[in-house]
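The values are calculated or read from the model by the stated rules, or taken from the named source; none is laboratory data. Computed from a prediction, not measured in an experiment: that's the story for all the values here. As a convention, Cβ positions derive from the backbone with ideal geometry for all residues, glycine included, and neighbour counts pool all protein chains shown. The protein model used for the area step is the full one, side chains on, heavy atoms only, and it has no ligands, DNA or RNA in it. Shrake-Rupley method; radii C 1.70, N 1.55, O 1.52, S 1.80 Å.
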Amino acid sequence: MTDKSVDFAIRMAKCYQYLMNDRQEFIMSKQLFRSGTIIGANIHEGIQAQSKADFLSKYSIALKEASETSYWLVVLHRSEFLDDNLYMSLKQDVDELIRLLVSSIKTTKKSISLIINYQLSIIN
């Protein structure tokens, strides 16, 4: 997932340049750039997490940012700053990141639950 998030961040940087230079869009493009690049930063932080809870926190933040990125893509597309092809390509990429993040979060929550249940069984 780290490579995908880095590739997506690079696409966000290029999209930001395109929106600023070619489409003269200065506000929403900055929001898209911020949310689209922070996804990977949080994924990378999560990999170095100090605990499962820390990992879960970082990946949950990445998921929120991916959701925000999806929102800005829709707004930019509907306001005709992004054409259909660019929108669909970027939307597919962010949707894939969302699916991967949701899967990792679910797996981690299940792992935490198993650990807690095991610890409780030892106590009882």
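General observations
- Filtered by the rule that a residue be open to solvent by 40 Å² or more (accessible area, probe 1.4 Å) and not in a helix (DSSP H, G or I), the stretch 65-92 gives Ser79, Glu80, Phe81, Asp83.
- Residue check, Glu45 within 21 Å of Glu25 (Cβ to Cβ) and either charged (D, E, K, R) or open to solvent by less than 60 Å² (accessible area, probe 1.4 Å) (or both): no
- Residue satisfying all of: in the stretch 48-59; small (Gly, Ala, Ser) and open to solvent by 40 Å² or more (accessible area, probe 1.4 Å); modelled with the highest pLDDT among these: Ser57
- A count restricted to the stretch 1-31 and to residues that are surrounded by fewer than 14 Cβ atoms within 10 Å (Cβ to Cβ), more than 24 Å from Gln48 (Cβ to Cβ) and of a type in the set (S, T, N, Q) stands at 3.
- Arg34 vs. criteria surrounded by fewer than 16 Cβ atoms within 10 Å (Cβ to Cβ) and either hydroxyl-bearing (Ser, Thr, Tyr) or within 12 Å of the chain's Cα centre (by Cα) (or both): yes
- Restricting Ser51, Ser104, Ser70, Ser113 to residues that are over 16 Å from Thr2 (Cβ atoms) and in contact with a helix residue (DSSP H, G or I) (Cβ under 8 Å, 6 or more places away or on another chain) narrows the list to Ser70.
- Test result for Ala62, surrounded by 13 or more Cβ atoms within 10 Å (Cβ to Cβ), outside any helix (DSSP H, G or I) and out of contact with any His (no Cβ under 6 Å at 6 or more places or on another chain): no
- From Ser5, Ser29, residue being modelled with pLDDT of 95 or more, in contact with a Phe, Trp or Tyr (Cβ under 8 Å, 6 or more places away or on another chain) and of a type in the set (S, T, N, Q): Ser29
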